[in-house]
Every structure is written in C-alpha cells, then in structure tokens.
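**Student:** One structure, pasted below without further comment.
The values are calculated or read from the model by the stated rules, or taken from the named source; none is laboratory data. Quick caveat: nothing in here was measured; it's all calculated off a predicted structure. Glycine gets a Cβ as well: all are built from the backbone with ideal geometry, and neighbour counts include every protein chain shown.
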Amino acid sequence: MDFEEGAVPSSLVELGTRINAIVLLYQFKRDAAEACGVSVEQLKRYVRGISAPPFDVLARLAAGKSINLNWLATGEGGMYGHGAIGGATVDEELVGRVADGIINVYKEEGAHLPPIEQGRLTGRIINKLVSVYEEPRDRRVGLKLALEELRSDLRKAAQGNTTSGKRQA
C-alpha cells in the first residue's frame, strides 16, 4: 500500500510488517519476544496485524536492535537509528512508566486511545520531560504532573462531549 509522503500509515498489517523485519534480526522468535516482554504467540499476533502492540513493547523491541522508533511507527526514515531518540539513548524505564501511566489514566477516565496515538503521546511527554528535567528522578515527579494534566484535559474533553453522549480524547 502506498502512502503520500509524510503520511502516517495506520494499518496494523503495515506495522506488523515492520515488526517482522525486526523479529528477523533475532536468531529465534522467542529471543525477540523476550526482548519486548511478550509471549511468542502475542508477538505473532502483532506481526500478523491481529493485535495492536502497546508503545512500550515497540520501544523495547526497537531498542534491542537499535531500530529507529520513527521508522517502526511510521515507516519513514531509515530502519536503524542507533537506539536513540533525538541523539539520546532511550531510557526504557521512562518509556515504560510514561506508557503505563497514559494507559492507566485513559482507563480510569473511561476514554479510548488508539495505539498509534498512545505512541505519539508517549513521545511528546518524554520529550517534554527530558527537555525540562535533567535528572531521571526529577522526570518521575514531572511525569506525575504530566499525567495529572492529561487527566484534567480528558475530563474537560468529556464535559465538552456530554451533549453528544460520546466520550473521546
């Protein structure tokens, strides 16, 4: 499937194709599954485009083989990115905490967030935290503030949508 330049493909099948390209870099599928913290069966569902992988799973898979996260998410740019975002090493713990926090806030607020949007939001929050806080422990405090801001934004959006009967963010 062809996309216009700059377009972000949203197909799980296309994402699965890129995930498979990374999986093939591992000697065994189980090694790839272990790298991203899922079962081999779940990894196969991601590869086939049956299930949408959470951003933290994609980040761990990419980090294990120094894959460009932008390429993995969008198909744009080169496959290899030296394991870095913006020239900095990926802080897997921070990525996991941000992604987990976003998932929890959306779940608690009863809102839906597609996986690709979760990845984008995770990236935006990480970029903000890294630019504002130098120390990793300070970023954790900043993350709490960012998640409370996200919760507040979701509640405001929900109040604005009460007349339509739908709740989205």
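A quick yes/no check of all residues on (1) in a helix (DSSP H, G or I); (2) modelled with pLDDT under 90; (3) over 24 Å from I22 (Cβ atoms):
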residue	(1), (2), (3)
N104	yes, no, yes
G123	yes, yes, no
A146	yes, no, yes
A157	yes, yes, yes
T162	no, yes, yes
G165	no, yes, yes
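**Student:** Something else now. Taking the conditions exactly as written (at positive phi and either modelled with pLDDT under 90 or crowded, with 21+ Cβ neighbours inside 10 Å (or both)), does G37 satisfy them or not? If you could, list the steps in order and put the result at the bottom.
**Tutor:** Working: at positive phi: yes; either modelled with pLDDT under 90 or crowded, with 21+ Cβ neighbours inside 10 Å (or both): no.
Taking the combined requirement at face value, the residue does not satisfy it.
**Student:** Sticking with this one: Could you check region 25-70 for helices (runs of 4 or more DSSP H) lying wholly inside it with 3 or more residues that are over 17 Å from R97 (Cα atoms)?
**Tutor:** Values: elements: 29-36, 40-48, 55-64.
Helices (runs of 4 or more DSSP H) meeting the threshold: 29-36, 40-48.
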